[in-house]
Amino acid sequence: MEIRAVLFDLDNTLFDHPASATAGVAGFLKHLGAEFSEELRFSWFEIEQACYDQFLRKEISFDEQRRERLRRFLPFARVTVPESEGMLDELFLAYLSSYENGWTAFPDAVPVLRGLRKDRMPVSVLTNGNDDGTADVLVDSWG
């Protein structure tokens, strides 16, 4: 059987989401004036999973799962939860900025992508995240 293309899942295959999200939480907490702890990191990941599962079940929108994550997480960090959706959205952008600055590929991802590119193998990347084209830009920058 001839392989004519390669398909990857972005999250936790090429992209180290836990490391990136940990960097994001650390930067976000600093932005909030709160101190990072393993307990807060653990809380973030538990809340993230619960809210994202609600999104995947189509119980809430993508933006609402972001807001709900903050509503549930901020009290753990002893930070007052903003009442307006707009303020929650702005606050999530602060997390997102730290998260994106912490984007990390798994150590073998870049060599694999470069090898496939060298061999002119078509590559496609799927994600169940917000498909805003970021995955393509990220993978292109690695490969």
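The values are calculated or read from the model by the stated rules, or taken from the named source; none is laboratory data. Keep in mind that what you see is a predicted model, and the values were worked out from it rather than measured. Methodologically, a virtual Cβ is constructed for each residue, glycine included, from the backbone with ideal geometry; neighbour enumeration extends over all protein chains shown.
What the table below lists for this structure:
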quantity	calculated
Residue satisfying all of: in region 18-36; among the small types (Gly, Ala, Ser) and surrounded by 14 or more Cβ atoms within 10 Å (Cβ to Cβ); farthest from residue 113 (Cα to Cα) among these	34
Unmet criterion (only one of (1) in contact with a Leu (Cβ under 7 Å, 6 or more places away or on another chain); (2) part of a loop (DSSP other than H, G, I, E, B)) for residue 7	(2)
Near pairs, Cβ below 7 angstrom, 6+ apart or cross-chain, from region 50-67 (in contact (Cβ under 8 Å) with a residue 60 or more places away in the chain) to any residue that is aromatic (Phe, Trp, Tyr) and surrounded by 11 or more Cβ atoms within 10 Å (Cβ to Cβ)	62/55
Scan of region 67-89 for residues that are surrounded by fewer than 13 Cβ atoms within 10 Å (Cβ to Cβ) and assigned to a helix (DSSP H, G or I), ordered by number	75, 85, 86
Candidates 92, 15, 45 - the one that is under 24 Å from residue 127 (Cα atoms) and buried (at least 19 other Cβ atoms within 10 Å of the Cβ)	15
Residues located in region 14-61, provided they are part of a loop (DSSP other than H, G, I, E, B) and closer than 24 Å to residue 105 by Cβ	14, 16, 36
Residue 112, sole failed condition from (1) of a type outside the set (Phe, Trp, Tyr); (2) assigned to a loop (DSSP other than H, G, I, E, B); (3) surrounded by 14 or more Cβ atoms within 10 Å (Cβ to Cβ); (4) modelled with pLDDT of 85 or more	(2)
Criterion: surrounded by fewer than 19 Cβ atoms within 10 Å (Cβ to Cβ), of a type outside the set (A, V, I, L, M), at pLDDT below 95 and part of a helix (DSSP H, G or I) - qualifying residue of 100, 64	100
Region 12-33: number of residues that are touching a residue at least 60 places away in the same chain (Cβ under 8 Å), under 18 Å from residue 79 (Cα atoms) and of a type in the set (Gly, Ala, Ser)	3
Residues being of a type in the set (Lys, Arg) and at pLDDT below 95 - total across region 19-61	0
Residue selected from region 34-49 under the condition in contact (Cβ under 8 Å) with a residue 12 or more places away in the chain and under 17 Å from residue 98 (Cα atoms), by the criterion farthest from the chain's Cα centre (by Cα)	34
From the options 141, 84, residue that is modelled with pLDDT of 95 or more and either polar (S, T, N, Q) or outside the structural domain of residue 37 (by TED's automatic domain parsing) (or both)	84
